[in-house]
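This report concerns only the one structure given below.
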Amino acid sequence: MTPSSRPVLAGSAVLGLLLAGCAPAVSLPAGEHAADPVCARVLQLTPEELAGLERRSTTAQATTAWGDP
């Protein structure tokens with residue numbers, strides 16, 4: 001992962017949190033570097049809970065969301 005891709009990953013995670021809706025899975029476009037193996041490793045390290053919010057499933061690769069809804 002390059003330094004310039006880090007903001008994309010962080011932005012994807014934050015976007016997922018902000019766009020969390022009533023649906024069981026948060027609908028998001030795939031992250032810019034979704035096919036990069038480094039992104040997969042980073043996402044595996046994201047916590048199940050963030051600021052008291054449970055992780056939610058998303059519809060796109062290389063994204064993470066927390067919260068309800």
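Here, each number is a calculation from the coordinates, and none is a lab measurement. This is a predicted model, so every value here is computed, not measured. With ideal geometry, Cβ positions are generated from the backbone for all residues, glycine too; neighbour counts draw on all protein chains shown.
Label-to-label distance, E48 versus A25, with points set 7 angstrom from Cα along the beta-carbon direction: 2.1 nm. Highest-first packing order for the peptide set 55-66, 38-49 is 55-66, 38-49, based on the mean count of other beta carbon atoms within 10 Å.
Neighbours of P47, meaning other residues whose beta-carbon lies under 13 angstrom from its beta-carbon, give a summed charge of -1 when Lys and Arg score +1 and Asp and Glu score -1.
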